[in-house]
Amino acid sequence: MRGTIIVVSCFVWSVALCAQQIADPNFDAKVIHPTYTTTHPRVAIDEAHDNFHTQDGLFKPFADLLRNDGYDVRPNKTKFSGASLSGIDVLVISNAVGELKNDNNNSTAAFTNAECDAVYDWVGRGGSLFLIADHAPMGDAAALLAKRFGVALGNGFVFDTNPENFEDNDPTELVFSNRNGLLGNDLISRGRSEAEHLKRLVAFTGESVTIPPGAIVLLKLSPTVGEVHTRQDVQPLYDEDGSKAKRSLEESAKKWRISGRAMAVAFKVGRGRVVISGEAGMLTAQVFKEKNKDGIETLIGRTGMSVPGNDDKQYVLNVMHWLSGSLR
């Protein structure tokens, strides 16, 4: 990757700015009843665009989970074209990056116009796209491709001012649940059975996405959210002085208020299907470690599917089932 990206989380800002972030080696990727036992839809995880998430890196829990559900998971190592997309059932792009700038808050486009056209045409003919673009600068990098499908990305850091909508006193760790009304009641959220019904999801710092006409809103943003655009703007929200943090949160909400947006949407294009997510952490499982002066590593936190109390693991499966056609 060209440049350095510091991933924002409650752990990074308030505990250890330089903590090591790795895929959770203890994530339980087992699937009790695999969906695909005779046929195996091919899933390509993009690695051709300086992706921060790869199948053997931070997205390994995602890849392992899909393999255990019966998918044929492989990396995509080439730029997108009609030929390179041939034979792929679901294309997964997570956190592609272009040339970083403005202290890593912005990025050039990760995809060319020709690549965007190739992906759009491929989806129209029946392919399925899972486009994942996290907080800044990932939105800038994926903006051209998202725009090709009628979606604008916020390229910021979404936060909520209502404590009922976030976790662990972290205004960027958003909760989407039946209780707060921010989790959709749609085919993907309901799954194929009661056992797959989603009740509570947690996102670990993401950006907003616009909602195209006719789309399924998977993760609805509340009227009390805002979206700051740089890491420098995020830092005051985590001030050690609680009163200062609260004041910064309220001031930021007035300055950067957004409305009518989501953090994840799903829709059809031609014969194909598309899911666009403004958050990546909830789709994998990561741990944060730091070393003390004696070189001893300590686990200081985790994000994603292995965090107790959320249905993020089932959410990944439900989304993939919809994209691969087993959920109709």
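None of the figures in this text is laboratory data; all of them are computed from the coordinates on show. These numbers were taken from a predicted model, which means no experiment stands behind them. Positions of Cβ are backbone-derived with ideal geometry, glycine not excepted, and every protein chain shown enters the neighbour counts.
Among Pro212, Pro171, Pro25, whose mean-square fluctuation peaks in a Gaussian network model of the chain (Cα, cutoff 10 Å)?
The residue with the greatest mean-square fluctuation here is Pro25.
If R₀ is 30 angstrom, what is the calculated FRET efficiency for the pair Lys293 and Glu99, using the beta carbon separation as r and rounding to 0.05?
That pair, Lys293 with Glu99, gives E of 0.25.
Cut-off is 10 Å between beta-carbons; in what order do Ser94, Ser177 appear when sorted fewest neighbours first?
Least to most surrounded, the residues fall as Ser177, Ser94.
For Lys60, list the lysines whose Cα falls under 24 Å from its own Cα; do not include residues on the same chain fewer than 8 positions away.
Once the sequence-local lysines are set aside, what remains near Lys60 is Lys30, Lys77, Lys79, Lys289, Lys291, Lys313.
Quick check on the exposure proxy: order Glu196, Glu164, Glu173 from fewest to most C-beta atoms within 10 angstrom.
Placing the least packed residue first, the sequence is Glu164, Glu196, Glu173.
Phe166's amide H: which non-local residues (gap 5+, or another chain) put their own amide H closer than 5 Å, with H modeled 1.01 Å from N in plane and none for Pro or chain starts?
Answer set, sorted by chain and number: Val175.
Evaluated at 4 °C with a viscosity of 1.567 mPa s, what Stokes-Einstein diffusion coefficient in µm²/s does segment 83-123 have when Rh comes from the Kirkwood expression over alpha-carbon pairs?
Answer, rounded: 109 µm²/s.
Could you list, bin by bin from short to long, the percent of Cα-Cα pairs of segment 194-313 in 5 Å steps?
2, 9, 13, 16, 18, 18, 11, 6, 4, 2, 1, 0
Across 10 Å bins from the origin, how do the percents of Cα pairs in segment 10-324 run, short distances first?
It works out to 6, 28, 37, 23, 6, 1, in whole percents.
Lys and Arg at +1, Asp and Glu at -1: add these up for the other residues within a Cβ distance under 13 Å of Val209 and post the number.
Neighbour charge sum, excluding Val209 itself: -1.
Within 10 Å of each residue's Cβ, count the other Cβ atoms and sort Arg302, Arg74 from fewest upward.
Neighbour counts put them in this order, fewest first: Arg74, Arg302.
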